[in-house]
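Take a look at the structure below.
The values are calculated or read from the model by the stated rules, or taken from the named source; none is laboratory data. Every value quoted in this text rests on a predicted model; they were computed, and no experiment measured them. Note that each Cβ is placed from the backbone with ideal geometry, even for glycine, and that neighbours are counted across all protein chains shown. Protein only, heavy atoms only, side chains kept; ligands, DNA and RNA dropped before computing areas. Shrake-Rupley method; radii C 1.70, N 1.55, O 1.52, S 1.80 Å.
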Amino acid sequence: MYVLHPSVSHHDHQNWTKVDASLTKVKPLVLLEETTKIHKVHLVFGAAAALVILVMIVVNVGADVITDALGFVYPSVKSIDALDTLKKEAVVQWMSYWILIGFLHLLEYASPLVLHLIPYYYTFKLIFLIYLASPSTMGASKLHDLILKHLVYKPPPKPATPPSGAPAAEPPKPTASAAPKEPPKKEEPEKRDPALDEKPAPKRSPRWAYVPLRRVVR
């Protein structure tokens, strides 16, 4: 039984009880309630509100505001959760989502003719937003792997692998320049005889060589 707040009047309580009892006869709705753990009354009112919103989008009555609001509320909550957990999959999903949404808004403002050339533009936009943000499709992550990653990131080239029948390449031989250089040897000073280092005494001429010749004649 559906339990209302105590502030609800007794008459309103009886009306809600009748609505709950009538919805219990709808078996698909009861199965949906058991699967989603959401009361069938809430499911009916949620479906009615979604139908009204869908009609407003199709007939283009406030469609731009409605689609922007639907594309902002739920992704904002999931983006904050991704920043708290810092899981790679969640970060890639919601960062890619906001990049794609920004490009879509830029396209709308830069080319107003798109809104007039494409019939039911906001209906297709709503479907695209659901595809990007839905946990079952993870469309933003798929478009990241398909387009965004290749626009920014370029993987390094892989080394060329030789064919199966070709012999393996020999490792390069060390060259003379690549060989380690030995430290230069210190030259030892030559050993010399200390006697050779002494200067010879100057030779003195004999005294008789300076005797005048005339004295010898006498």
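Do we have Leu54 as assigned to a helix (DSSP H, G or I), over 26 Å from the mean Cα position of the chain (by Cα) and closer than 25 Å to Met138 by Cβ here? When the stated conditions are applied, Leu54 passes them. Lys27 meets each of the listed conditions (1) surrounded by 14 or more Cβ atoms within 10 Å (Cβ to Cβ); (2) at pLDDT below 85; (3) not aromatic (Phe, Trp, Tyr) apart from (1).
Quick test for you: out of Ala48, Ala82, Ala63, pick the one residue that is open to solvent by 30 Å² or more (accessible area, probe 1.4 Å) and not β-branched (Val, Ile, Thr). Reasoning before the result, please.
Numbers: Ala82 fails: open to solvent by 30 Å² or more (accessible area, probe 1.4 Å); Ala63 fails: open to solvent by 30 Å² or more (accessible area, probe 1.4 Å).
Going through Ala48, Ala82, Ala63 in turn, just one is open to solvent by 30 Å² or more (accessible area, probe 1.4 Å) and not β-branched (Val, Ile, Thr): Ala48.
Is one or more of the residues making up the stretch 67-83 over 27 Å from the mean Cα position of the chain (by Cα) and part of a helix (DSSP H, G or I)? Checking the stretch 67-83: at least one residue is over 27 Å from the mean Cα position of the chain (by Cα) and part of a helix (DSSP H, G or I). Answer yes or no: is there a residue in the stretch 120-129 that is touching a residue at least 24 places away in the same chain (Cβ under 8 Å), surrounded by 11 or more Cβ atoms within 10 Å (Cβ to Cβ) and outside any helix (DSSP H, G or I). Looking through the stretch 120-129, at least one residue is touching a residue at least 24 places away in the same chain (Cβ under 8 Å), surrounded by 11 or more Cβ atoms within 10 Å (Cβ to Cβ) and outside any helix (DSSP H, G or I).
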